[in-house]
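Below is one structure, written out as structure tokens; the observations come after it.
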Amino acid sequence: MSELHKFLFEGLPVRGMLVRLTDAWRDILQRRSANSATGPYPAPVRTLLGEMAAAAVLMESNIKFNGALVLQVFGDGPVKLAVVEVQPDLSLRATATVRGPVAEDATLGQMLNVEGGGRCAITLDPKDKSAGQQAYQGVVPLEDARYRSFAGMSDVLQHYMLQSEQLDTVLVLAANDELAAGLLIQRMPAAGEGNLAQRRGFAEHEDQIGAHEDYNRIAHLAASLTREELLSLDADTILHRLFWEENLLRFEPLQGARGPRFACSCSRARVSAMLRSLGRDECESILQERSDIEVGCEFCGQQYRFDAVDVAQIFAAPPDTPDAPFAPPGPQGLQ
Ligand SMILES: [Zn+2]
């Protein structure tokens, strides 16, 4: 069963999370393998998407926000897009668009950042837009300031956290065919931080230095976790091995119906809305060439078919706007 473990370090401004996606991840891979149009993902894409799935669950759980988190990478190599969407209830879905051969040992740069055009986008899409909440999107490149591609998603996202949220973060990610897993350790921002020199007394400054030392020690321990350990050990063993000298406050793990699990939010109504936005002329011209319009969901593989009567109904009925889909920028057909 997939599981998410949250924990705190007693008395220290550091929090952590460990995620293990088992059934949720296998479900995503099996649906892809069963899709005769695409076939299974090449091995490096599986690793990329699995690491993104683990990271997206950690990031969604790490923010106080009622809405979906969408983690995307856009590439200029054979991998055009990889996307993971996590809902506030931790249900998730993921897909990648691959155009062209991917070598067995392809790096992140060779898959996504051949010309330096690769980007990673983190989008927070609020559930209740009427409350005035706006979607937020942060975008970072897939390379460092010296134009060298990052080695993996953990480097990309640590860079993002530091740059956009000014939060020191350690992220260890790993994925294989059975498991996508991740460990996140983060220093919690102290009140008034950033104004240290001007406003704070010497004693408080001392406290700040102490807090940094605690974080540095824990971050160092966390960073010593290898991918092999993350993939082969259970959560209790990992946390004990890394932090047995620390005072860990652990919360009840989230699993089963409360934990991370695969779910797709596609529906016939959403595909209808997409066809409506394509326009009547476009739909009718497709119908002149074939007996029906077939749209496959790239996340779950579900096929939706619309014949001439269905299409006529779509354009006869008034649009049902309340359930307008959130469509991440990407290839057409993602619903
Ligand atoms: Zn679907």
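The table that follows gives values for the structure above.
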quantity	calculated
Charge dipole (debye, nearest 20) of the chain; +1 at Cβ of Lys and Arg, -1 at Cβ of Asp and Glu	380 debye
For segment 30-149: rounded, prolate or oblate by the Cα gyration tensor [a/c cutoff 1.5]	oblate
Positive minus negative residues near residue 133 (Lys, Arg vs Asp, Glu; Cβ under 13 Å)	+1
The chain: Cys lacking any partner C-beta under 4.7 angstrom	120, 283
Along the chain, longest interval not containing exposed GluC sites (Glu not before Pro), exposed being DSSP loop plus at most 10 other Cβ atoms within 10 Å	116-244
Label point distance in nm, residue 317-residue 247, each placed 7 Å from Cα along Cα→Cβ	6.0 nm
Full-stretch length increase - residue 240, residue 291 - with 0.36 nm per residue and alpha-carbon distance subtracted	12.3 nm
C-alpha center-to-center spacing [segment 82-147, segment 226-243] in angstrom	27 Å
Value at 222 nm in deg cm²/dmol, rounded to 500, when DSSP H runs of n ≥ 4 in the chain each add -39,500 (n - 2.57)	-11000 deg cm²/dmol
Exposure proxy ranking, count of Cβ atoms within 10 Å, fewest first, for 41, 304, 147, 136	147, 136, 304, 41
Cα extents of segment 268-316 along the three principal axes, largest first (Å)	28, 20, 16
Extension reserve of the residue 76-residue 99 stretch, reckoned as 0.36 nm per residue once the Cα distance is removed	7.3 nm
Given 80/129; 6/80; 6/64, the pairs whose alpha carbons are separated by over 24 Å	80/129; 6/80
Kirkwood-Stokes translational diffusion coefficient of the chain, alpha-carbon pairs, 37 °C, 0.692 mPa s, µm²/s	152 µm²/s
Per DSSP, loop trypsin sites (Lys or Arg not before Pro) in segment 1-97 with at most 15 further Cβ within 10 Å	64
Length added when fully stretched, residue 87-residue 107, from 0.36 nm per residue minus Cα-Cα	4.3 nm
Selected from 152, 100, 42, residue furthest toward positive end of dipole (the chain; charges at beta carbon)	100
Efficiency of FRET between residue 10 and residue 257 - r from beta-carbon atoms, R0 25 angstrom, step 0.05	0.25
Highest-fluctuation residue, 21, 233, 71 considered, GNM on the chain with Cα pairs under 10 Å	233
Lys/Arg +1, Asp/Glu -1 at C-beta; segment 268-316 dipole; positive extreme among 269, 296, 306	269
For the chain, built as a Gaussian network whose Cα springs stay under 10 Å, the top-fluctuating residue of 34, 269, 316	316
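Only the coordinates and a few stated rules stand behind these numbers; no lab work does. Please read all numbers here as calculations on a predicted model, not as lab measurements. Don't worry about glycine lacking a Cβ; one is built from the backbone with ideal geometry, like all the others, and counts go over all protein chains shown.
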